[in-house]
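Enquirer: Okay, handing you the structure first.
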Amino acid sequence: MTTQPSKTHLFGLNRQALTEWFVALGEKPFRAKQVMKWLYHERMLDFDQMTDLSKPLRALLHERAHCALPEIIADQIASDGTRKWVFRYPCGNSIETVFIPEDDRGTLCISSQAGCALACPFCSTAHEGFNRNLTSGEILAQVWLAKSLLGCGDNGKRVVTNVVLMGMGEPLVNFNNVIPATDIMMDDWGFGLSKRRVTLSTSGVVPAIKQLKEVTDLSLAVSLHAPNDALRDEIVPINKRYGLPALLEACQEYVAHNGQHGGVTWEYVMLRGVNDRLEHAKELAVLLKGIPGKINLIPFNPFPGSRFECSKRSDMLAFQRYLTKAGFIATIRKTRGEDIDAACGQLVGQVNDRSRRALKLSREQAEIA
Ligand code: SAH
């Protein structure tokens, strides 16, 4: 990506911000829709090719704006069709983006940070440390690039129908950059995805979940992973700061505010001997009773140096059966893209300057407190 600090990355501006940006330049507000149509519908980034803009306006765009893309340093396809890209920024960090084709949908899993500061011990991104938040433009560019690299699709199978913020990073620690990018994903002048098809996954940054309902109505997934505070404190360290009662209350508020479209997706990684016993399933059923949503059991994906093992298949099935009998929708996530390290929790990218992690972590935590 060529950095042009004085110029604005247009991918970073949602429709409202882009309208204001044009007005501030003395242009008509409708220029925002006109340019968004080029960027996201026509997937045209060359201002000179935006034929319905006057020459002076094109010159102004050259002077003030850019739509830089990261460098594609890897593009791999797994045996099951899952495709993983590694995108690199001029600062040296690289991040990973994964496309998962299924019969009825195509899900793009995008990253929100270079690394992650939250230190969940079962996640390989956490082991890489944290460098920085991605900008809105960098977050959206993953969708833009994936759509372009996938082409128009065969039988719709290679088309991006869903976006999940489940790649590297904790999106709610990067709230101000994530929201404009998701706005563009859901805007008809942008990528036009419905709110049911853009899902943000969080480990439980409670103040940010509370803010979320004021600015968006995307779908919420929560990395629960444990049915009580004592166990969750161990495997999702942010729980020590924001415990389960506060987390569940914030989620309920979010769902109620947004008309409960499907409720919350509760993610629960299955760790052998840690959180996968029937007593945990029972506790989970009591905890989540009455909150609209579904439970997604995720088989643990190992990575070098991890101290966990995936639950036995029979234990996962028994866990699922218990929850189903208790009236929950509970599914076991199919692991995809393992042979290219593209599965949940296996995304590492290249996170530079990891020594900054402690410093950054305290700063980020101060920001979200
Ligand atoms: N920080 C966000 C989003 C990134 S992780 C969050 O915590 O939700 C996306 C999902 O993958 C989360 O549910 C996470 O807990 C899960 N995950 C992380 N590491 C994993 C692993 N090794 N195996 C399986 N799932 C994992």
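The values are calculated or read from the model by the stated rules, or taken from the named source; none is laboratory data. Here the structure is a predicted model, which is why all the values come from computation and not from measurement. Using ideal geometry, Cβ is built from the backbone for each residue, glycine included, and neighbour counts are taken over all protein chains shown.
Enquirer: Spot the failing condition for D188; the list is (1) under 22 Å from the mean Cα position of the chain (by Cα); (2) surrounded by fewer than 16 Cβ atoms within 10 Å (Cβ to Cβ); (3) of a type outside the set (S, T, Y); (4) within 16 Å of the ligand (Cβ to nearest atom), and only one is missed.
Expert: (4)
Enquirer: Which one of the conditions (1) more than 29 Å from Y268 (Cβ to Cβ); (2) under 12 Å from the mean Cα position of the chain (by Cα); (3) not in a helix (DSSP H, G or I) does R132 fail to meet, given that it meets all the rest?
Expert: Single failed check for R132: (2).
Enquirer: For the stretch 60-87, give me each residue that is outside any strand (DSSP E or B) and of a type in the set (D, E, K, R). Spell out the reasoning first.
Expert: Just the residues of the stretch 60-87 that are outside any strand (DSSP E or B), to begin with: 60-64, 67-70, 78-82.
Those that are outside any strand (DSSP E or B) and of a type in the set (D, E, K, R): E63, R64, D80.
Enquirer: I've got another one for you. With away from the ligand (no atom under 16 Å from the Cβ), within 22 Å of T82 (Cβ to Cβ) and touching a residue at least 24 places away in the same chain (Cβ under 8 Å) as the only criterion, which of L145, L165 stands out? Step through it out loud before you land on a result.
Expert: On the way: L165 fails: away from the ligand (no atom under 16 Å from the Cβ).
Selected residue: L145, the only one of L145, L165 that is away from the ligand (no atom under 16 Å from the Cβ), within 22 Å of T82 (Cβ to Cβ) and touching a residue at least 24 places away in the same chain (Cβ under 8 Å).
Enquirer: So, of the residues in the stretch 23-42 that are in contact with a helix residue (DSSP H, G or I) (Cβ under 6 Å, 6 or more places away or on another chain) and in contact (Cβ under 8 Å) with a residue 12 or more places away in the chain, which turns out to be surrounded by the fewest Cβ atoms within 10 Å (Cβ to Cβ)? Give the steps one after another, and end with the answer.
Expert: Keep residues of the stretch 23-42 that are in contact with a helix residue (DSSP H, G or I) (Cβ under 6 Å, 6 or more places away or on another chain), which gives 29, 31-32.
Now restrict to residues that are in contact (Cβ under 8 Å) with a residue 12 or more places away in the chain: 31-32.
On the way: R31: 19, A32: 23.
Taking the candidates together, the pick is R31.
Enquirer: Take the residues in the stretch 320-343 that are of a type in the set (A, V, I, L, M), under 18 Å from I291 (Cβ atoms) and touching a residue at least 40 places away in the same chain (Cβ under 8 Å), then tell me which one is surrounded by the most Cβ atoms within 10 Å (Cβ to Cβ).
Expert: Kept after step one, since they are of a type in the set (A, V, I, L, M), are these residues of the stretch 320-343: 323, 326, 329-330, 332, 340, 342-343.
Add one more test, that the residue is under 18 Å from I291 (Cβ atoms), and what stays is 323, 326, 329-330.
In the following step, the residues that additionally are touching a residue at least 40 places away in the same chain (Cβ under 8 Å) were identified as 323, 326.
Details: L323: 23, A326: 15.
Checked the stretch 320-343; the qualifying residue surrounded by the most Cβ atoms within 10 Å (Cβ to Cβ) is L323.
Enquirer: Something else about it: Go through (1) in a helix (DSSP H, G or I); (2) closer than 19 Å to L140 by Cα and name the single condition F22 misses.
Expert: (2)
Enquirer: Right, something else. Count, please, the residues in the stretch 88-120 that happen to be part of a loop (DSSP other than H, G, I, E, B), under 22 Å from T182 (Cβ atoms) and aliphatic (A, V, I, L, M).
Expert: Keep residues of the stretch 88-120 that are part of a loop (DSSP other than H, G, I, E, B), which gives 89-93, 102-105, 110-112, 116-120.
If we keep only those that are under 22 Å from T182 (Cβ atoms) too, we end up with 89, 93, 102, 105, 110-112, 116-118.
The next check asks that each one be aliphatic (A, V, I, L, M); those that pass are 110, 117-118.
Final tally of qualifying residues: 3.
Enquirer: Conditions: (1) at pLDDT below 95; (2) closer than 15 Å to M166 by Cα. C91 meets all but one. Number of the miss?
Expert: C91 satisfies every listed condition except (2).
Enquirer: Looking at the stretch 201-229, which of the residues that are aliphatic (A, V, I, L, M) and near the ligand (Cβ under 8 Å from one of its atoms) is surrounded by the most Cβ atoms within 10 Å (Cβ to Cβ)?
Expert: Taking the candidates together, the pick is V222.
Enquirer: Here's another thing I want to ask about it. As an exercise: evaluate A68 against (1) in contact with a Leu (Cβ under 8 Å, 6 or more places away or on another chain); (2) surrounded by 18 or more Cβ atoms within 10 Å (Cβ to Cβ) and give the number of the one condition it does not meet.
Expert: For A68, the failing item is (1).
Enquirer: Scan the stretch 298-319 for residues that are surrounded by fewer than 19 Cβ atoms within 10 Å (Cβ to Cβ) and closer than 16 Å to E283 by Cβ and jot them down.
Expert: D315, A318
Enquirer: Of S311, S306, which residue is within 16 Å of the ligand (Cβ to nearest atom), hydroxyl-bearing (S, T, Y) and in contact with a Ser or Thr (Cβ under 8 Å, 6 or more places away or on another chain)? Let's see the steps before the verdict.
Expert: Working: S311 fails: in contact with a Ser or Thr (Cβ under 8 Å, 6 or more places away or on another chain).
On inspection, the qualifying residue turns out to be S306.
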